[in-house]
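The values are calculated or read from the model by the stated rules, or taken from the named source; none is laboratory data. For clarity, every value in this text was computed on a predicted model and none was experimentally measured. Cβ placement follows ideal geometry from the backbone for every residue including glycine, while neighbour counts extend to all protein chains displayed.
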Amino acid sequence: MSSPYRDSHGRTLEDYPRPSLAVDTAVLTVADERLCVLLARTTGAAGDTRLPGTFVHPGETLVRAVLRSLQLKAGVVGLRPRQLHVFDAPDRDDRGWVVSVAHLDAVRADRIPAHEQATLVPVDELPPLKYDHDEIVRSAVAALRSDYRRWPDPAALLPDGPFTVRDLRLLHELVLGQRLVADTFRRTMLPHLRAVGESRGGARGKPAELYLRAEQHADDKGGDAR
């Protein structure tokens, strides 16, 4: 049997105190024309509001822990979360030394089922949250908005199928929380769109051309469209 690893000070890994490892996930969506985040409510007399999260079990990957916590605490399945940031302030958790690997996902609201212990809350109307979860939400919102400033609907929040540039702009305004100049937005996004050769008639004015995201057009030919 091989000897345990020892560092230059002669210590094994067990000689060092280690924090507990947790995951917390900000699931963002647009609901009722607001950018919202999914929050979970704990049960019991000391119930509080927080992001869905959990401690990582032995032998479990971070992503597996995230998916488990979302299913158990919010009834959400089938997401593809990505790592956002490590929150490691020693005093961030009143239960002890806990490091959280925060994750982010953004999906259409119809992929978030009703759940008795979870609710969607506008990101600019957050209630008091446990630990540093308000900071995690702010970081997640900033990351999503950065994506939307560069790309047309990278989280596929629009309904399936082709859309007009106006549809896209209105969505971006909800995600970014600001009005956008229509002509500037159109010039910025058109290089990333693919016209489908169809139009949608409106109540007034000429019919509006319909588009798909360029990467969505490629996915529809056999890729993994979200």
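Those strands (runs of 3 or more DSSP E) of segment 91-208 in which 3 or more residues are touching a residue at least 24 places away in the same chain (Cβ under 8 Å) and in the same structural domain as PHE55 (by TED's automatic domain parsing) occupy 98-106, 118-122. Scan segment 60-89 and report the pairs whose first residue is among the aromatic types (Phe, Trp, Tyr) and whose second residue is outside any helix (DSSP H, G or I), with Cβ atoms within less than 7 Å and a gap of 6+ or a chain change. That search, which allows pairs on different chains as well, returns PHE87/SER100; PHE87/ALA102; PHE87/ASP132.
Per the listing ARG138, ARG108, ARG150, the residue uniquely basic (Lys, Arg) and exposed (fewer than 14 other Cβ atoms within 10 Å of the Cβ) is ARG150. Here ASP91 meets the list (1) within 16 Å of the chain's Cα centre (by Cα); (2) at pLDDT below 95 almost entirely, failing just condition (1).
Take segment 2-35 and flag every residue that is over 32 Å from the mean Cα position of the chain (by Cα) and among the small types (Gly, Ala, Ser). Within segment 2-35, SER2, SER3, SER8, GLY10 meet the criteria.
ALA114 falls short on exactly one of the conditions (1) under 29 Å from LEU170 (Cα atoms); (2) loosely packed, with under 15 Cβ neighbours inside 10 Å; (3) within 17 Å of the chain's Cα centre (by Cα), and that condition is (3). For segment 177-195, indicate whether the set of residues that are surrounded by 15 or more Cβ atoms within 10 Å (Cβ to Cβ) and under 20 Å from the mean Cα position of the chain (by Cα) is non-empty. Within segment 177-195, not a single residue is surrounded by 15 or more Cβ atoms within 10 Å (Cβ to Cβ) and under 20 Å from the mean Cα position of the chain (by Cα). Inside segment 89-121, can you point out the residues that are out of contact with any helix residue (DSSP H, G or I) (no Cβ under 6 Å at 6 or more places or on another chain) and among the small types (Gly, Ala, Ser)? If the condition is that a residue be out of contact with any helix residue (DSSP H, G or I) (no Cβ under 6 Å at 6 or more places or on another chain) and among the small types (Gly, Ala, Ser), then ALA89, GLY96, SER100, ALA109, ALA114 are the ones that fit.
The residue list ALA26, ALA45, ALA40 contains one member that is out of contact with any Cys (no Cβ under 8 Å at 6 or more places or on another chain), within 28 Å of ALA156 (Cβ to Cβ) and at pLDDT below 95, which is ALA40.
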